[in-house]
1. Please determine whether any residue of segment 234-244 is surrounded by 20 or more Cβ atoms within 10 Å (Cβ to Cβ), of a type in the set (Val, Ile, Thr) and assigned to a helix (DSSP H, G or I).
2. Which one of these is more than 27 Å from ASP148 (Cα to Cα) and touching a Leu at 6+ places or on another chain (Cβ under 8 Å): PHE12, PHE104?
3. Check every one of the helices (runs of 4 or more DSSP H) wholly within segment 65-160 and list those with 3 or more residues that are open to solvent by less than 70 Å² (accessible area, probe 1.4 Å) and either without any contact (Cβ under 8 Å) to a residue 60 or more places away in the chain or on the phi > 0 side of the Ramachandran plot (or both).
4. Residues THR23, THR3: which one is open to solvent by 20 Å² or more (accessible area, probe 1.4 Å), assigned to a loop (DSSP other than H, G, I, E, B) and farther than 18 Å from LEU109 by Cα?
5. Please specify each residue of segment 26-64 satisfying the condition of being under 16 Å from PRO110 (Cβ atoms) and in a loop (DSSP other than H, G, I, E, B).
6. Of the residues in segment 211-268, how many are touching a Cys at 6+ places or on another chain (Cβ under 8 Å) and of a type in the set (D, E, K, R)?
7. Taking ASP252, is it out of contact with any His (no Cβ under 9 Å at 6 or more places or on another chain), under 16 Å from ASP202 (Cβ atoms), open to solvent by 20 Å² or more (accessible area, probe 1.4 Å) and outside any loop (DSSP other than H, G, I, E, B)?
8. Search segment 177-198 for residues being open to solvent by less than 40 Å² (accessible area, probe 1.4 Å) and modelled with pLDDT under 90, and hand back the single one that is farthest from LEU241 (Cα to Cα).
Amino acid sequence: MSTAITVDRTNFESVVLGGSATTPVLVDFWAPWCAPCRALAPILDKIAAEYAGRVTLAKLNTDEEQEIASTYGIRGIPNCKLFVNGRVADEFTGALPESGVRDFLARALPSPAAPHVAAASGRLAAGDAEGALADLDRALAIAPDDEDALLTRIDALLAAGRGQEAADEASRLAARRQPVRDERRLAQLAARAALATSAGGDLASLAKRAAATPIDCAAKLDYANVLAAQGDYEPALEELLAVVRVDRAFGDDAGRKGMLTIFEALGPDSDLARRFRRELAAAINR
């Protein structure tokens, strides 16, 4: 027996817009004459029953509620829209097979771990890496494969100075069978972890050697690696750029390769990365 709620102009606002503030609402826009709608209906009923408490299933007859259908741009049915906090968060059109509906909900529904991940992100922003890791342990106890929790854990390990653990976590996440949705974020974190584990040494003595003349490319690389490991990316890029300018081939192109790793760690929207990409191009093409 279906547990879906029939919605129309009298209760759409309360059930869908208001109700989705506490529990996501999946609205099935359908019509009685639509054969694909009839094929999809029992699949939605079955899965919604399994997801009880995590999602509410609602059904709207588009023939009877054309104004609502028009408001939400319904042009083909069945069309299923997932409402979260009164807004459409995701949707699909057509009679998906059961596996397709399950994949859609697994991707679109807020994870049960989300409150703990949000708390961890707040702690990270406040500089409390160990507290963030405790929140993430709670998140992963609920949802061990939650990608956001796993990625945020790598970030927290880096903030806690546990670079090798962060690198190991990044490698495991990249190697798992389930594809990573946010590949860009993982690549950025993996690059930061690689930099964090790349070097050690006394910063003051390395700085003195790197500043000597004539330029010692090996000393500059060592100094840049330590700076990058500490997250001081701008001075590290300056040292690596100096190596490129003096001897592009030194250390199997180590200066340029080191800069590229830092660019990855900074991410595609970094103004610092953009500036040094231009300077690197100018040094190579001079």
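The values are calculated or read from the model by the stated rules, or taken from the named source; none is laboratory data. Everything numeric in this text was worked out from a predicted model, so none of it was measured. A quick note on method: Cβ atoms are made from the backbone with ideal geometry, for glycine too, and the neighbour counts reach across all protein chains shown. With ligands, DNA and RNA removed, areas are computed over all heavy atoms of the protein, side chains included. Shrake-Rupley method; radii C 1.70, N 1.55, O 1.52, S 1.80 Å.
1. Yes.
2. It is PHE12.
3. The qualifying helices (runs of 4 or more DSSP H) are 98-108, 114-125, 129-142, 147-159.
4. After ruling out the rest, the residue left standing is THR3.
5. Hits for segment 26-64 are TYR51, ALA52, GLY53, ARG54, VAL55.
6. 1
7. In short, no.
8. Filtering segment 177-198 for residues that are open to solvent by less than 40 Å² (accessible area, probe 1.4 Å) and modelled with pLDDT under 90, the one farthest from LEU241 (Cα to Cα) comes out as VAL180.
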